[in-house]
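The values are calculated or read from the model by the stated rules, or taken from the named source; none is laboratory data. Given the structure is predicted, the values throughout are model-derived calculations rather than measurements. Please note: Cβ atoms are built from the backbone with ideal geometry, for glycine as well, and neighbour counts cover all protein chains shown. Side chains are part of the model used for accessible areas, which takes the heavy atoms of the whole protein and leaves out ligands, DNA and RNA. Shrake-Rupley method; radii C 1.70, N 1.55, O 1.52, S 1.80 Å.
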Amino acid sequence: MKKIQKGEKEEKIKMTKKQIGVKKAAKKNQKARNQKKENNQNQNQNQNENILKKISEQITKKLKIETAPKHIEEIISAVKTTDNFWQVVSISQKPIPVVAEATKILKDAGFIKFEDGKIKTTEKIDQDFKYIPPFPSNLICSSCEGRGVNIKNIGIYEKFYEIQKTRPKPIQKYDQGNITPESTVARIALMLKRGDVSNKKIIVLGDDDLVGIALGLTGLPADVLVLDIDERLIDFTNRVAKDNNLKVRAEVFDLRKPLPKEFKSKFDVFVTDPPEAKKAFKIFLQKGIWTLKDKGSAGYIGMTLIDSSLAKWRELQKIIIDSGATITDIIRSFNKYETWDYHENTVAWKIAPVKSPQDNIWYSSCMVRIEMVKPPKAQNLVLKDKDIYVDTESTTT
Ligand code: SPD
């Protein structure tokens, strides 16, 4: 009995050793497989990073617009979200020439296809760039559309909406393209939230958005002065102001010229949505600051990422800092622009590699608020005709 037990015990030990051996071997194999998988993943990751790097370098070199691999990721995310080229621009928030060039390269490399004015993704993009998700549009607040203000609670929305229905149509000659009535009222709401309306002297430099009228409708500012080159807009604003007894004055003025001397240091607040060719943008911005009174005065600027690269933003931010101001707010896609009729006559349309229809709002700008922390130090310069609308980044005029 004892002998049998001993034999069994030995057999058991043998089995256990064998099992341990098998287990060890399996573990080793698994480890090797994991290692191989990890190596493959790392290799793929490296390959993908190289592709993004190559594309961004190629674009930077060709367009002279600083582009990073991260920007290509954002464009890939956008093409996974929509098949419309203009919506890809809208979602990725990159300059149109960059989106045009990137989509061309992605197509040539087999990541996307162009079909009937649409961008179609291929299996290759899903495999190689699995880690890039579509844009999470559902994370944008559906009540305020990401602006962070309630436009219905100001009490001017309905009236403004009715008034703006008969506004002059945007024309290409002046790079016009107005923001939606909701965006205009949202601007006023933001200005109210920041204490920049009540009893303030406000100057609006260029006003196809009808900011002057909307400000007047609140009945709160001490004075609103609107300047614009377009006689149609000035007549419209003055007529509405008269009919509704608004404290708003509008004057025809060509903002390429220096502002009248009496405007220097006279206003609490300026509002502008300037053309974005670099020189024009710089000169408009400086003129706005030049009109401000002192510390605490504020400026509201519409600034896109669609006609301006981050490198241009950096230069503009330097002007803001050097003039004695600081940036207090940047709200992305705050201003949404109604589509304009002359789109197919612009450089943007010409360079788009796929001619998607402009069937929905796609162009937006950030609302930038600046505030003086030192007395304003800025110039009131002349802008030459050739510098006003188009540069390598600004293509929508
Ligand atoms: N030409 C397209 C409409 C552009 C309207 N101007 C937007 C300027 C943003 N600062």
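Applied to the stretch 211-226, the Karplus parametrisation 6.51 cos²θ - 1.76 cosθ + 1.60 on θ = phi - 60° returns per-residue 3J(HN,Hα) values of 5, x, 4, 4, 5, x, 4, 6, x, 9, x, 6, 6, 10, 10, 10 Hz, with x for Gly and Pro. Here the relative contact order of the stretch 285-397, from alpha carbon pairs under 8 Å that lie six or more residues apart, stands at 47 percent.
Counting only Cβ charges, +1 for Lys and Arg and -1 for Asp and Glu, the dipole size of the stretch 274-342 around its Cα centre is about 260 debye. For the chain, the spread of Cα coordinates along the three principal axes comes to 117, 46, 41 Å, biggest extent given first. Taking a ≥ b ≥ c as the square roots of the Cα gyration tensor eigenvalues, the stretch 224-354 comes out oblate, since a/c reaches at least 1.5 and a/b does not exceed b/c.
On the beta carbon distance between LYS17 and ASN42, with R0 = 35 Å, the FRET formula returns roughly 0.45. With a simple spin-label model that places each label point 7 Å from the Cα along the Cα-to-Cβ direction, the separation between ASN29 and ALA109 comes to 3.8 nm.
Here the gap between THR166 and ASP254, fully extended at 0.36 nm per residue and compared with their Cα-Cα distance, gives a gain of 29.3 nm.
Under the criterion of Cα pairs below 8 Å and six or more residues apart, the relative contact order for the chain equals 17 percent. Karplus-derived 3J(HN,Hα) values for the stretch 281-295, using 6.51 cos²θ - 1.76 cosθ + 1.60 with θ = phi - 60°, are 4, 4, 6, 4, 4, 5, 4, x, 4, 4, 7, 6, 6, 6, 3 Hz; glycine and proline are entered as x. Between the amide H of VAL226 and those of VAL204, ARG249, ALA250, GLU251, distances stay under 5 Å, these residues lying 5 or more places away or on another chain, with hydrogens modeled in the peptide plane.
When LEU220, LEU63, LEU190 are compared by accessible area of protein heavy atoms, the largest-first order is LEU220, LEU63, LEU190, using a 1.4 Å probe.
When the alpha carbon gyration tensor of the stretch 1-116 is reduced to an equivalent ellipsoid, the three semi-axes, largest first, read 60, 15, 10 Å. With the simple model of a label 7 Å out from the Cα in the direction of the Cβ, LYS9 to LYS54 spans 6.8 nm. Comparing ARG167, ARG147, ARG369 in a Gaussian network model of the chain (Cα springs below 10 Å), the most mobile by mean-square fluctuation is ARG167. For LYS355, the residues whose modelled amide H falls within less than 5 Å of its own, excluding neighbours fewer than 5 places apart on the same chain, are GLY117. Taking the chain as a Gaussian network, Cα atoms linked when under 10 Å apart, which of GLU231, GLU182, GLU11 shows the biggest mean-square fluctuation? Between GLU231, GLU182, GLU11, it is GLU11 that shows the largest mean-square fluctuation. Applying the Kirkwood pairwise sum to the alpha-carbon positions of the stretch 320-360 produces a hydrodynamic radius of 13.7 angstrom. Once the Kirkwood radius over Cα pairs is known for the stretch 333-397, the Stokes-Einstein relation at 10 °C and 1.306 mPa s delivers a diffusion coefficient of 105 µm²/s.
On the basis of the beta-carbon distance and an R0 of 22 Å, GLU315 and ASP385 show a calculated FRET efficiency of 0.55. Net charge dipole, the chain: roughly 3280 debye, given to the nearest 20, about the Cα centre with Cβ charges of +1 for Lys and Arg and -1 for Asp and Glu.
With a simple spin-label model that places each label point 7 Å from the Cα along the Cα-to-Cβ direction, the separation between THR392 and GLU158 comes to 5.2 nm.
Comparing mean-square fluctuations of SER308, SER333, SER143 from a GNM of the chain with C-alpha springs under 10 Å, the top value falls on SER143.
The phi-based Karplus calculation (6.51 cos²θ - 1.76 cosθ + 1.60; θ = phi - 60°) puts the 3J(HN,Hα) values of the stretch 174-180 at 10, 6, 7, x, 7, 7, 5 Hz, whole numbers, x for Gly and Pro.
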